Each structure stands twice: as C-alpha cells, then as structure tokens.
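Notes follow once the structure below has been shown.
No value in this document is a laboratory result; all are computed from the given coordinates. Every value quoted in this text rests on a predicted model; they were computed, and no experiment measured them. Reconstructed Cβ throughout: ideal geometry from the backbone, glycine too, with neighbour counts over all protein chains shown.
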C-alpha cells in the first residue's frame, strides 16, 4: 500500500519443541555454546561430540545424525576442513583403545543429557562409535559450487557436512546436533547471519546439541536475537511502525537495498540536540520536571518519564525527535520497566546555534554512562537568542555501541 513498507506485520509463534534464537542466544541457551577461543582443540572436541550423539541417536531408533561445519565461502578452506576431519576420524579409528581417545569419548558422553530418549550406557555408545568407524559409516561431504550433494545423502546415518553459501539458504539438516560455525565478515549483516542459522529446528534434542563458534560471533548472534525479540515485542503490542537497532559493527542488510531517502541511522554514544526546538508547553514541562532539582548530579528514571518529556518538545524536520520516541517504544515494548538517566539543569545561558550544548562536566557525566539512554535537559534563560523566551532544550544519547534504524513514511 505504501510502496515502501509492508501493509501489515504479523508474527507466527513457533510450535512446541522448536529450538530457535532464544534457546541458543539468550541466558537459557549458554549450556549448549562452546566458545572455540577457550578450547585447545575445538574441531576435535566437536568430532567426538558428533560420534557419541550419532551413537545415541541411531541406537535409539532415529534415522539421522548430522554435523555441520560452516567456515568460509572459500572452497580451499572447505577442502582443508574435510582433510582435518578425515584425519581426526582416522586417528580415532586406528587407535581407538588409546587412553586419550577413550577419555575424550567419555568426556563427550558425560556432556549428553538427552530429553527425547533415555541415555544409553557408555559401553553401548562406545561399541556403536567403534562400529561406525570400523565400517566407515560416517560420511564427510562438501557442499559448495563445485560439489553438489543430494539431500538423500544426508537424510540418514551419520554425516559431516562442510560448506559455505550452499549451507546458508534453502537447505535444512535433520538431526543436526553439532554445529561448527566460524564464518565471519568484516561488515556482517544481520539478515545474512540469521539465514545461516541451520541449527534452528524441531527435531533437535535440547540436551545433546552443541554449537561451536568464537566469542565475537556468539556476541553478534546474541545481538541479532535481542533485536528480533524487540521486533516481536513491538508486533505483539500492536506497534505499527516497527523499529530496530543493532550494534555499530552490525548492519541489518546490504547497504544497496536501503533507500537513504527514507532510512536513517542514529548512533549510540553520540550526543544529539535540536537547533530549533519548541516546547508544548513550557508550563507542562516545568510541572513535569519540577521534582528533579539542579543540585542532583543525575536521576535514574523509567523510560516512560523520558518519553513524556520528549513528547512535550517539537523540533525542526532535520532532527528526528520521532525516531528517539520510537526507540523508547522498542525498549518499553520489550521491558516495561526499562530505566534511563535524566540530567536536569536550569538557568542556562547558552547562545542559540552554538556548536555544543552541554557543559564539559555534563558532557563527561553523560559519556560515562554507556549502557542506558541519557537525556539531559537544559532550561535556557532566553538571553542569548531563543527568541528571547525561556525554553527547555534536550540532549539525547542512546546506549553506546548501538545504531538505531528508523524508517520514515514513503510520502515524507
């Protein structure tokens, strides 16, 4: 209808048993995360995990156990990983009774806590792993532009799949319980990263899945999931103009698909203030701000109070006061009790149109707060411009390391 934004947005909740973003990338999902920066031999540990999971699943009557390795788009990297995996499997097979091999197998077994089947005795798992290795029943497959793999090849048995873009879109992997994800980009895009999330699904056992990735990638996925949750919260609360924000190193999508006439970004950690503000009305603002005196360094208040203050301020078209209000709506939708910092100063004699608004002390005070929105309001005397009128002028700083994206209506 608008030519630019969807006519409506509706959220379909996943069904029972689905493992999605909140399972892996929220507080409840940390048990399945293996940060490879902290592991001595992460790929070897992942292979052992896949072996014991395959034994548990196949002996419990399941059809398939898959392990996905997503390292890079470069084919030589895929070949390198294939060789490394085959060498690890060969080493385990030829020296299966070795004490170190048995210890690694037992460690992997001890991390299993299946929810869908009863955990089999270690000796049964051990025998099944040995049989899989002796029979060369674990397939190692490369999926990329040079290697086409039919879905039937990884629909049954124990499989290890290695690839790049081919793994990212349009394919699903049944029984995927081991994921080794190291692909990264200098300027990562949220939509592309989320499309790579093959770990999501219905047929995973939450007590046996492990995701191996480095700390930076884990943080990026957590940030994407937090934004997704904020979008969902806005939809469920009936907010029509859905907004989003991401950390500064993460963009929502490719720049060439964003229309800069309608999409603009507000950076966290940056001080914003309007050049041509007006109050609606100053009497209402005086009353609203009356409980906050100048002698207090700062106040911690609810975002609802910040919203009420900003709703009494109008600004020039170039200053996106509506964008900041929408940002607050995101926070309130996700967490009604969200807090912000309010700094109130009166009798300020600052010239209108000057390049800076805040005093050095207030600038330093606000900049030291990095995890909350900071609103500093100055009441001008009107002696230096401002049409000779007293007026409240806001300075807004969003939480650091975030970029908030606002989409204007198409006809604006």
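By how many degrees, 0 to 90 and rounded to 10, does the Cα axis of helix 215-236 deviate from the longest principal axis of the chain?
Approximately 60 degrees, to the nearest ten.
Find how many whole Å separate the alpha carbon centroid of the range 22-60 from the alpha carbon centroid of the range 320-392.
Using only Cα atoms, the two centres lie 47 Å from each other.
Counting only helical runs of four or more DSSP H residues, what would the 222 nm mean residue ellipticity of the chain come to if each run contributes -39,500 (n - 2.57) and the total is spread over all its residues?
-10500 deg cm²/dmol
With P(r) over Cα pairs in 10 Å bins from 0, in percent in mind, check [x] 4, 19, 24, 18, 14, 11, 7, 3, 0; [y] 4, 18, 27, 28, 18, 5, 1, 0; [z] 5, 21, 27, 24, 16, 7, 1, 0 and report the label derived from this structure.
This structure yields the entry labelled [x].
Can you give me the angle between helix 42-59 and the longest principal axis of the chain, using Cα atoms only, in degrees from 0 to 90, rounded to the nearest 10?
Approximately 60 degrees, to the nearest 10.
Quote the relative contact order of the chain in percent (integer), defining contacts as alpha-carbon pairs under 8 Å separated by 6+ residues. Each step should come with its number before you reach the end.
Values: 658 pairs, mean separation 76.2, N = 412.
Normalised by residue count, the contact order of the chain is 18 percent.
Taking neighbour counts of Cβ atoms within 10 Å as a proxy for exposure, in what order, fewest first, do 298, 351 appear? Write out the running numbers ahead of the final one.
Values: 298 17, 351 11.
Ranking 298, 351 by Cβ neighbours within 10 Å, fewest first, gives 351, 298.
Only Cα pairs within less than 10 Å get springs; with that Gaussian network setup on the chain, which residue of 339, 314, 290 has the largest fluctuation?
290
I want to verify a result. In a Gaussian network model of the chain, Cα cutoff 10 Å, which of these has the top mean-square fluctuation: 171, 73, 85?
The residue with the greatest mean-square fluctuation here is 171.
Given a Förster distance of 51 angstrom, what is the FRET efficiency for residue 135 paired with residue 253, based on the Cβ-Cβ distance and rounded to 0.05? List each step's numbers first, then the result.
Working: r = 46 Å, r/R0 = 0.90.
The value I calculate is 0.65.
How would you rank 72, 197, 326, going from fewest to most other Cβ atoms within 10 Å of each one's own Cβ?
Taking fewest neighbouring Cβ atoms as first place, the list is 72, 197, 326.
Using alpha carbons only, how many degrees (0 to 90, rounded to 10) separate the axis of helix 75-94 from the longest principal axis of the chain?
Computed tilt is about 50 degrees.
For 363, 386, which order do you get if you count the other beta carbons within 10 Å of each Cβ and list the fewest first?
363, 386
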